[in-house]
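For reference, the structure discussed in these notes is given below.
The values are calculated or read from the model by the stated rules, or taken from the named source; none is laboratory data. The model shown is predicted, which means the values in this text are computed figures rather than measured ones. Cβ placement follows ideal geometry from the backbone for every residue including glycine, while neighbour counts extend to all protein chains displayed. We work out accessible area using only protein heavy atoms, side chains counted, and drop any ligands, DNA or RNA first. Shrake-Rupley method; radii C 1.70, N 1.55, O 1.52, S 1.80 Å.
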Amino acid sequence: MLRENMTHFEKLVVEELPSPEFIQRFQTSWQNEELTYRPFLYLKNKERLDQIGLIVRPAKDEPIGFAHVDKSDQLLLSPMPQQAVECLCRHLIERNILFPGIFGPGREARNLAKSLETARGPEFHIAKRLIHWKLHKLKTQPKASGSARRATLCEAETIAEMFDNMQRETNTQRQFNSQAMVKYTLDDHRLYVWEMANGQIGCVAIVTLGSAETKHGTIERVFTPMPHRGNGFARALIWNVANTMLGQKPGIFLSSDADEFVPTKLYQSLGFETHSTMVNLRQSLHR
């Protein structure tokens, strides 16, 4: 769908669409390349004045890049050639479209931030770098005391506190409601834990198979409380849920902090391979 060669385009244009129309128009094509466009598949199809979709393309030709702007939060960016980044930047400046953050592939996001800083400021700083992982075949099953199972309602408060601790550690600088997350993942039977031999929760994760059209299931929010780290609980939980998921999906998606050595080593040991590196940029308060 998206051209990734070094072709020079004589003229590029930016088409601007209301968010619902943008999502509806490109949902199917994003689904066909779901790992590349995964963040776009999570966009909510709601009519809001502070959200717009942007398509970068040669005149009368197919798109070579996408962006979605939530003016209260961030600009979501797809892979695109540098020429498309520059065209998008000019459009954002001309239309005075403002947002406090950028999330996208490392090269494109940093180049857009640099161009915006040069043209109008203020500066952006890297809040987080993420590795997007893919898995199609697991390595040898790890050993750990305990077992994997679905979380129960009586554990909701404990798990919400764990997610709050995770949010503080990961420092994404975005709003987060742990109580709501635990409620809807429990209701959807997507919340899994590693139960230690003494009955306590050693690790937690959210597991999503997705729709029938989705080729990759998702494992996210993997968190081990500090007192239980180093016992292999996260490795064991991920292996067990991934093994079940691979019986129903050809692949699994997972993301982790690119600057953390331990999770990187963990996912590699299980058989995950890097798909892409993403960055979360936030606007600096002072220039």
(message) Please list, ordered by residue number, the strands (runs of 3 or more DSSP E) wholly in segment 120-236 having 2 or more residues that are charged (D, E, K, R).
(response) 124-135, 147-150, 216-223
(message) If I ask for residues that are crowded, with 22+ Cβ neighbours inside 10 Å, of a type outside the set (Gly, Ala, Ser) and not in a strand (DSSP E or B), which ones from segment 72-86 would you list?
(response) Met80, Val85
(message) Suppose we filter Arg107, Arg90, Arg48 for residues that are more than 29 Å from Lys215 (Cα to Cα), of a type outside the set (Ser, Thr, Tyr), at pLDDT 95 or above and surrounded by fewer than 17 Cβ atoms within 10 Å (Cβ to Cβ); which single one remains?
(response) Arg90
(request) Scan Thr277, Thr244, Thr224, Thr185 and give me the residue that is under 25 Å from Leu77 (Cβ atoms), of a type outside the set (Phe, Trp, Tyr) and at pLDDT 95 or above. (result) Thr277
(request) Taking only segment 126-141 into account, find how many residues are open to solvent by less than 70 Å² (accessible area, probe 1.4 Å) and at pLDDT 95 or above. (result) 7
(request) Inspect all residues belonging to segment 251-266 and state whether any of them is touching a helix residue (DSSP H, G or I) at 6+ places or on another chain (Cβ under 7 Å), assigned to a loop (DSSP other than H, G, I, E, B) and not β-branched (Val, Ile, Thr). (result) no
(request) Any chance you could count how many residues in segment 221-273 are touching a Ser or Thr at 6+ places or on another chain (Cβ under 6 Å) and surrounded by fewer than 17 Cβ atoms within 10 Å (Cβ to Cβ)? (result) 0
